[in-house]
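The values are calculated or read from the model by the stated rules, or taken from the named source; none is laboratory data. What you are looking at is a predicted structure, and each value in this text was computed from that prediction instead of being measured. Cβ placement follows ideal geometry from the backbone for every residue including glycine, while neighbour counts extend to all protein chains displayed. Areas reflect the complete protein model, heavy atoms only, side chains present, ligands, DNA and RNA absent. Shrake-Rupley method; radii C 1.70, N 1.55, O 1.52, S 1.80 Å.
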Amino acid sequence: MFKLTTTKSASPGAGNGRKKTFSLAAPVATKVQLVGDFTDWCEHPIDMKKTPNGVWRAPVELQPGMHQYRFLVDGQWQDDPDCLMHAPNPFGSQNAVCQVA
């Protein structure tokens, strides 16, 4: 499960950033990370927090535009099962794509 919510950032100096909350249902996972073009992929992964119902969440401030991402679930690449937009990557699979207005 993936849900993306949008709110305008009120942080000082945030510019045009928009807060996005990424989520993934992975109740048996012990660690879930969000990686994408906005984290330099594996250079700066974002650790997601597990909720009591097994959904992992991470709020992220993103600039307007198209952003590609994937999840790392216990060290294994995982697609976003609910994302409708995808882009091919150089590894023969696809990245999920979110658009920030």
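Quick look at the numbers
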{"item": "Residues being farther than 19 Å from LYS19 by Cα and not in a loop (DSSP other than H, G, I, E, B) - total across segment 80-101", "result": "5"}
{"item": "Single unsatisfied condition, HIS67 versus (1) out of contact with any helix residue (DSSP H, G or I) (no Cβ under 6 Å at 6 or more places or on another chain); (2) modelled with pLDDT of 95 or more; (3) open to solvent by less than 70 Å² (accessible area, probe 1.4 Å)", "result": "(1)"}
{"item": "Residues (buried (at least 16 other Cβ atoms within 10 Å of the Cβ) and assigned to a strand (DSSP E or B)) located in segment 30-49", "result": "VAL32, GLN33, LEU34, VAL35, GLY36, ILE46"}
{"item": "Number of positions in segment 60-79 that are part of a loop (DSSP other than H, G, I, E, B) and under 10 Å from LYS31 (Cα atoms)", "result": "2"}
{"item": "Test set (1) closer than 13 Å to LEU34 by Cα; (2) without any contact (Cβ under 8 Å) to a residue 40 or more places away in the chain; (3) open to solvent by less than 30 Å² (accessible area, probe 1.4 Å) - TRP77 fails condition number", "result": "(3)"}
